[in-house]
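All remarks here apply to the structure that follows.
No lab work stands behind these numbers, since they all come straight from the coordinates. Values in this document were obtained by computation on a predicted structure and should not be read as measured data.
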Amino acid sequence: MSELEDELFLMTNLYPATTGLPMVIWVGPRYGVPHDVRIKVSQTHGQRMDPGNLAVVALRPQPHVVAGHLSSADLQAVNQWIALNEGAIMDHWNGVTDGAQLGQQLQRLPPNRTQRPTSRTTTLHTITSAKRIVDGKFELGIHFNDGFALTDLSPVLAHGSVFEPLRDPERFAEVEVELDGRALFWLDDDGVVIDLSADTLWLMAHPESRHTITWVKAASGCRLDLTFDDKPNEVKEIDLSAMLIGAFQPLREWRFFETAEVGPRGHTVLWRVSKDVIEFPADLLWLMARPV
């Protein structure tokens with residue numbers, strides 16, 4: 001066994017589902033090594049553990065790479081995780097805690113939302129808690145800011161695509177609420193975030209369509225010009241940039257976004273992206289178009 005492999009053997013390996021990082025990392029005790037506290041980071045995303053493909057990050061005086069290479073985005077994420085868990089890492093390094101105690105103390109990095117701008121259109125509803133109601137079924141009991149509702153996600157999961165991992169009942173039960181309540185999220189095997197916005201979930205829980213769209217046209221900057229049945233001669237402009245995350249991320253590309261069309265019976269605006277159909281409900285768009 002090489003010196004590196006021997007050192008890794010003494011360290012605790014942590015997967016993306018535990019840390020919120022996109023790669024496996026290792027945290028260990030000092031055990032007489034001649035350097036200050038360090039962690040080891042896989043240079044590839046996912047759950048693969050390859051001792052020959054690691055970066056080494058020293059924590060002091062501030063986190064920095066001393067061996068291998070990490071992209072600026074990966075290094076930033078690792079630095080954020082270290083800042084969140086520095087006390088637990090140091091206790092383990094100094095032999096105060098064992099691997100099991102380390103795992104209990106660590107906090108997972110929340111999903112990265114730095115690209116989502118803050119605006120009035122970011123969300124109209126928030127979520128305080130969510131839980132699967134019946135084992136083996138794809139229903140969630142969700143506490144919204146305006147009340148409790150049961151939401152059946154079976155129609156969403158039936159489309160597969162980005163939601164395919166959630167068809168596993170055990171994975172589906174691992175639902176969590178984003179820190180600001182704007183979405184529910186899950187992590188797939190590679191630590192990639194799968195999420196649904198609070199607004200989308202609220203509308204799924206309240207399926208009665210009260211408004212229809214009569215005309216729509218895509219505009220630059222992820223905006224839509226559209227008219228509704230209640231005022232068919234009044235064009236509304238809606239900024240969707242804050243909503244284009246997760247399954248809606250492809251719409252940030254103009255070649256997809258510009259293909260917006262009115263869905264069946266005017267109940268949605270839809271886009272056809274490769275083999276998938278992406279939709280926004282008319283009721284949600286109508287709410288977003290209301291004056292403040």
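Normalised by residue count, the stretch 155-292 yields a Cα convex hull volume of 124 Å³ per residue.
Summarising the amide proton neighbourhood of ALA183: residues at separation of 5 or more, or on other chains, whose placed amide H is nearer than 5 Å comprise ILE127, GLU178, ALA198. Inter-part distance, the stretch 70-101 to the stretch 213-292, computed on C-alpha centroids, equals 42 Å. Considering only Cα atoms, the convex hull volume of the stretch 165-229 works out to 150 Å³ per residue. Working note: Cα atoms of the stretch 127-205, range along each principal axis, descending, whole Å: 32, 23, 20. The mean sequence separation of alpha-carbon pairs under 8 Å and at least six residues apart, normalised by the residue count of the stretch 46-103, gives a relative contact order of 19 percent.
In plain terms, if you count all Cα to Cα distances in the stretch 213-289 and split them into 10 Å steps from zero, the share in each step is 20, 59, 20, 1 percent. Over the chain, Cα pairs under 8 Å with separation of 6+ residues give a relative contact order of 12 percent.
Only Cα sites of the stretch 3-105 enter the Debye sum here, all with the same form factor; the resulting log10 I(q)/I(0) across q = 0.10, 0.19, 0.20, 0.21 1/Å is -0.23, -0.92, -1.04, -1.17, listed in q order. Cross-link partners for LYS275 among the lysines, with Cα-Cα distance under 30 Å and sequence neighbours closer than 8 places in the same chain left out: LYS137, LYS217, LYS236. Only helices enter the 222 nm calculation for the chain: every DSSP H run of n ≥ 4 contributes -39,500 (n - 2.57), and dividing by all residues gives -6000 deg cm²/dmol, rounded to 500. For the chain, the equivalent ellipsoid built from the Cα gyration tensor has semi-axes of 44, 20, 17 Å, listed from largest to smallest. In percent, rounded to a whole number, the relative contact order of the stretch 122-215 is 28, using alpha-carbon pairs under 8 Å and six or more apart.
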